[in-house]
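Below: one structure, written as structure tokens.
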């Protein structure tokens, strides 16, 4: 990413997730962050997937996605065990079989899912851009129709919600006529009445395109905000939980979302700083 517009967009998207989970004003728009992050992984990962050998590519993605997933699964898992020990709850209340796929906190589903998308991205870059783009666009439309009025269990509901955006992301990465692709997807979905999730997917896709148009020099601040976006996403449910137990915050308020986002940002930046101190060779986040 050679422009800071992607950095700032990642940070805004992370805050959007917090707003969504707070259920406050703007929550509907905030949920566009999930398809945005997945599209960004595909869009910016296309060239690296096409040029890197498989083991090097996958090791890099595992370092970025699976390692944090395992670490934060351990954190949230321990917290659930503490909850069982001190509160009137049981292991069966806190843990469920689906957590083998998502982790012990539901928001962690994103990381292994994103890794699976990266696995799929590597062979797709070797099949020809135009065929992949066309097929991905058609599959995106089919999935957009499928998810309407579906009542799926966890984590199928989460996967299904972003599936059209993932396929649209493949199409955007493979074919250069990106505005036309988004317009066609949005228009056809609207004509068929497939509007559930359409706003979020369209907004995410247009944001990806706009970031590529807006060329802004990257700075240490933009890089750190981008790097902090992952930490904000991972830690904000814990911050919400602590505040709900200790501070009389108004539910579904934008103020509580801003407070949680601010504290989560501070924690994320602290973790980044600690990692750099523990790794003398570390530099500013890319």
What are the pairs, 6+ residues apart or on separate chains, where a residue within segment 228-242 that is free of Cβ contacts under 8 Å to residues at least 40 places away in the same chain and on the phi < 0 side of the Ramachandran plot has its Cβ under 9 Å from a residue that is crowded, with 21+ Cβ neighbours inside 10 Å and not in a helix (DSSP H, G or I)? none
Going by the conditions given, is residue 121 touching a residue at least 60 places away in the same chain (Cβ under 8 Å) and either assigned to a helix (DSSP H, G or I) or not assigned by TED's automatic domain parsing to the domain that holds residue 19 (or both)? yes
Could you pull out the residue among 189, 176, 171 that is in contact with a helix residue (DSSP H, G or I) (Cβ under 7 Å, 6 or more places away or on another chain), more than 17 Å from residue 116 (Cβ to Cβ), assigned by TED's automatic domain parsing to the domain that holds residue 95 and without any contact (Cβ under 8 Å) to a residue 40 or more places away in the chain? 171
Apart from one, (1) in contact with a helix residue (DSSP H, G or I) (Cβ under 7 Å, 6 or more places away or on another chain); (2) within 27 Å of residue 93 (Cα to Cα) all hold for residue 40; the odd one out is (2)
Please work out which residue is surrounded by the fewest Cβ atoms within 10 Å (Cβ to Cβ), limiting yourself to segment 123-153 and to residues that are modelled with pLDDT under 95 and within 21 Å of the chain's Cα centre (by Cα). 153
Going by the conditions given, is residue 77 modelled with pLDDT of 95 or more and either outside the structural domain of residue 157 (by TED's automatic domain parsing) or within 19 Å of the chain's Cα centre (by Cα) (or both)? no
Would you confirm whether or not segment 183-201 contains a residue that is assigned to a helix (DSSP H, G or I), within 30 Å of residue 70 (Cα to Cα) and out of contact with any strand residue (DSSP E or B) (no Cβ under 8 Å at 6 or more places or on another chain)? yes
Kindly indicate whether residue 168 is assigned to a helix (DSSP H, G or I) and either in contact with a strand residue (DSSP E or B) (Cβ under 9 Å, 6 or more places away or on another chain) or under 23 Å from residue 120 (Cβ atoms) (or both). yes
Among the helices (runs of 4 or more DSSP H) contained in segment 38-103, which hold 3 or more residues that are on the phi < 0 side of the Ramachandran plot, buried (at least 18 other Cβ atoms within 10 Å of the Cβ) and in contact (Cβ under 8 Å) with a residue 40 or more places away in the chain? 67-86
Identify all residues within segment 93-115 that are under 13 Å from the mean Cα position of the chain (by Cα) and closer than 21 Å to residue 58 by Cα; write none if there are none. 108, 109, 110, 111, 112, 113, 114, 115
Kindly indicate whether any position in segment 25-32 is in a helix (DSSP H, G or I) and under 21 Å from residue 105 (Cβ atoms). yes
Output the residues belonging to segment 125-156 that are part of a helix (DSSP H, G or I) and either over 26 Å from residue 189 (Cα atoms) or touching a residue at least 60 places away in the same chain (Cβ under 8 Å) (or both). none
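The values are calculated or read from the model by the stated rules, or taken from the named source; none is laboratory data. Note that the structure is a prediction, hence the values are computed from the model and not measured. Ideal geometry is used to build each Cβ from the backbone, glycine not excepted, and the neighbour counts take in all protein chains shown.
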